[in-house]
Amino acid sequence: MASLSVRTPSSIQILRSSVSPMCSKHLFRSSSNFSSSIVSTPFARSKSNSPISRPRVVLARAASTGVANPVTEYREDIGEILGDVSMFTASGQPVKFSNLLDQNDGVSAVVLLRHFGCVCCWELATALREAKPRFDAAGVKLVAVGVGTPDKARILASRLPFPMECLYADPERKAYDVLGLYYGLGRTFFNPASTKVFSRFDEIREATKNYTIQATPEDRSSVLQQGGTFVFRGKKLLYGRKDEGTGDHPSLDDVLNVCCTTQATVA
């Protein structure tokens, strides 16, 4: 089996705040729609037995946003750096990361899934689809990015289903690298945060009724990539959370809370 590097920094959060009155009506009634994750493709299916060593961008200290508990891992201009990262729409058109964000300096929530063939990501995508009307009502742009080529993204979009206009493909994991998201065998299979998937089998089973393993990237090393959730105002990063392991996603209540609090602060 390949020797894989494991990242060790802890999860991050830039904003922790209570529900904003202007947005409280948009919040979920419970966190039961929040999804978790299990691994859909064994690493043994990898086409390569060579050790995987992926370069990572070293990120410097960020300036305080004036909000409690600012993250010190990201540099202040991380949004500008991300903006130049190239990826694809689900339909296959090249696009820059900056185009995923609200173009009028509004608030955007960007959820980086694992890979398109991961059953837990189908469950998370289902939760995002169901949550989208609430984000829309709050004036927040909600998009999802997954690891794989656009044709893999279209498989998820058509079978789940999931709105293609909100789905993007990052086959080379460029955005994941810039954000320093966790990667490796230990994070995927053995991290304690992954144990929560055992309580989500009903949701996963429901979300994967039309699942096919054909959505899995051809590059099987991609199944070891973890995701994360980030909130931006324009290109300014306001909230960031790395998934500690498979299935360790943030509460969508908390994400919408951050978005609403941000808007209230600006107002």
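Out of region 193-264, which trypsin sites (Lys or Arg not before Pro) are coil in DSSP terms and have no more than 12 other C-beta atoms within 10 Å?
Values: sites: K196, R200, R205, K209, R220, R233, K235, K236, R241, K242; in loops: R200, K209, K235.
Passing both the DSSP loop test and the Cβ count: K209.
Can you pull the semi-axes for region 93-238, root of five times each eigenvalue of the Cα gyration tensor, sorted largest first, whole Å? Don't jump to the answer; show the numbers that get you there.
Values: eigenvalues 106, 62, 51 Å².
Largest first, region 93-238 gives 23, 18, 16 Å.
Would you mind giving the three semi-axes, in whole Å and largest first, of the ellipsoid equivalent to region 78-168 according to its Cα gyration tensor?
Numbers: eigenvalues 79, 58, 22 Å².
Computed over region 78-168, the values are 20, 17, 11 Å.
Just want the ordering: Y211, Y239, from fewest to most Cβ atoms lying within 10 Å of their own Cβ. Working shown, then result.
On the way: Y211 20, Y239 28.
With the fewest neighbours first, Y211, Y239 line up as Y211, Y239.
Sorted by packing (mean other beta-carbon atoms within 10 Å per residue), highest first, where do 73-79, 139-145, 98-104, 110-116 land? It would help to have the intermediate numbers written out before the result.
On the way: 73-79: 18.9, 139-145: 22.1, 98-104: 15.9, 110-116: 26.9.
Ranking the peptides 73-79, 139-145, 98-104, 110-116 by packing returns 110-116, 139-145, 73-79, 98-104.
Set the Förster radius R0 to 25 Å, insert the Cβ-Cβ distance between E165 and K236 as r into 1/(1 + (r/R0)^6), and round the FRET efficiency to 0.05. If you can, show how the numbers build up before the last one.
Working: r = 24 Å, r/R0 = 0.95.
Calculated transfer efficiency: 0.60.
For A137 paired with T212, estimate the spin-label separation in nm (one decimal), with each label point 7 Å from Cα along the Cα-to-Cβ line.
My value for the distance between the label points is 3.5 nm.
Since every read-out is calculated from the coordinates, none of them should be taken as a lab result. From a predicted model like this one, the values you see are computed outputs, not experimental measurements. As a convention, Cβ positions derive from the backbone with ideal geometry for all residues, glycine included, and neighbour counts pool all protein chains shown.
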